[in-house]
Amino acid sequence: MKSLEKYPEDKDLLQRDCASVTQEEVASASSKCKYETLQVSTEDNITKIMLNRPMKKNAVTLVMYREIMQALEEAAKDDSVITVVTGSGDYYSSGNDLNNFTENLEQIIKNNGEWIKNFVNHFIDFPKPLVAGVNGPALGISVTLLGLFDIVYATNRATFQTPFIQLGQTPEGCSTYTFPKIMGTAKANEMLLFNKKLTAREACAQGLVTEVFPDQVFQEEVWRKLKAFASLPKNSLALSKQLIRSVEKEKLYAVNSQECEQIVKKYFSKESMNAFKSFFQKKSKNVAT
């Protein structure tokens, strides 16, 4: 896994925002890292990374990007068997917090390609079984990353949407490769090109979601399955996961790089700028009314 050592400015921010913990403390069921945007805990050999901005629908800020990378690095090294990513509140995640792009836009965009590339590589490189517990609606990058998870569980009220084209942007998260492979080209195009919103049942039928549970028992059922997985031989699970991933790892790196190059190019295009301008104008009108 590529470490944040490569990005000292990110590491410095994390050291300020997140209380330092030892590997033993992370492995302890009662230990929690004091993140600003996440809740991270380990229990029953399961590390849980919970997106924790419920009032903002768990929209992903620049700080959250950094903290998720840090949490994945810690989970990769701790004694847990399996890692689950989920959201707090009603949403799994509403995708990128577009307030990321309201100040110092040019510099942020120049850095954004590398940030996203490094972020996605953490999911490509993660050495243990990785589960998504989609507890509500998911948009944008929180959806495109699902193709890099080993299992995706969803509540029946979850929806899946990728509105990149409406913002004058292009997809990320290796979805231009994983989605056609998982769903078939036609169904992937409906999502990535034309922003079709999928219900949890539709996403399951198309292979993006592994299993759907009624909302009232979602947490209970997912945790029951995770506990069963966590009782399996740890090293065998990790090695098998790595063998499965190794076949396509270089391809995923290449796709990720290509997607991030296009993201940076598109941000500076007139089409993208106009789309962002239109979005923020609409948002301002909605707030005013």
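Numbers at a glance
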item	result
Complete set of residues in the range 29-80 that are farther than 16 Å from Ile141 by Cα, outside any loop (DSSP other than H, G, I, E, B) and basic (Lys, Arg)	Lys32, Lys48, Lys77
Test: Phe179 is at pLDDT 95 or above, farther than 18 Å from Glu67 by Cβ and buried (at least 20 other Cβ atoms within 10 Å of the Cβ)	yes
Tally, over the range 80-102, of residues that are hydroxyl-bearing (Ser, Thr, Tyr), farther than 24 Å from Lys277 by Cα and surrounded by fewer than 22 Cβ atoms within 10 Å (Cβ to Cβ)	1
Boolean, Leu72 is among the aliphatic types (A, V, I, L, M), over 19 Å from Trp223 (Cβ atoms), under 15 Å from the mean Cα position of the chain (by Cα) and modelled with pLDDT under 95	no
Residue in the range 87-122 that is modelled with the lowest pLDDT, counting only those that are in a helix (DSSP H, G or I) and within 19 Å of Asn52 (Cα to Cα)	Asn100
Residue check, Leu239 farther than 19 Å from Ala158 by Cβ and out of contact with any Pro (no Cβ under 7 Å at 6 or more places or on another chain)	yes
Out of Lys48, Lys57, Lys77, sole residue that is farther than 30 Å from Gln262 by Cα, crowded, with 18+ Cβ neighbours inside 10 Å and at pLDDT 95 or above	Lys48
Meets criteria (surrounded by fewer than 16 Cβ atoms within 10 Å (Cβ to Cβ) and in a helix (DSSP H, G or I)) for Ser278	yes
Pairs, first in contact (Cβ under 8 Å) with a residue 60 or more places away in the chain in the range 200-216, second among the acidic types (Asp, Glu), C-beta under 8 Å, six or more apart	Phe213/Glu221
Residue within the range 223-233 that is modelled with pLDDT of 95 or more, under 30 Å from Gln169 (Cα atoms), part of a helix (DSSP H, G or I) and of a type outside the set (Gly, Ala, Ser) present	no
Qualifying residue in the range 249-265 (condition: at pLDDT 95 or above, loosely packed, with under 11 Cβ neighbours inside 10 Å and not in a helix (DSSP H, G or I))	no
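The values are calculated or read from the model by the stated rules, or taken from the named source; none is laboratory data. The model shown is predicted, which means the values in this text are computed figures rather than measured ones. No Cβ is skipped: glycine too gets one built from the backbone with ideal geometry, and neighbour counts run over all protein chains shown.
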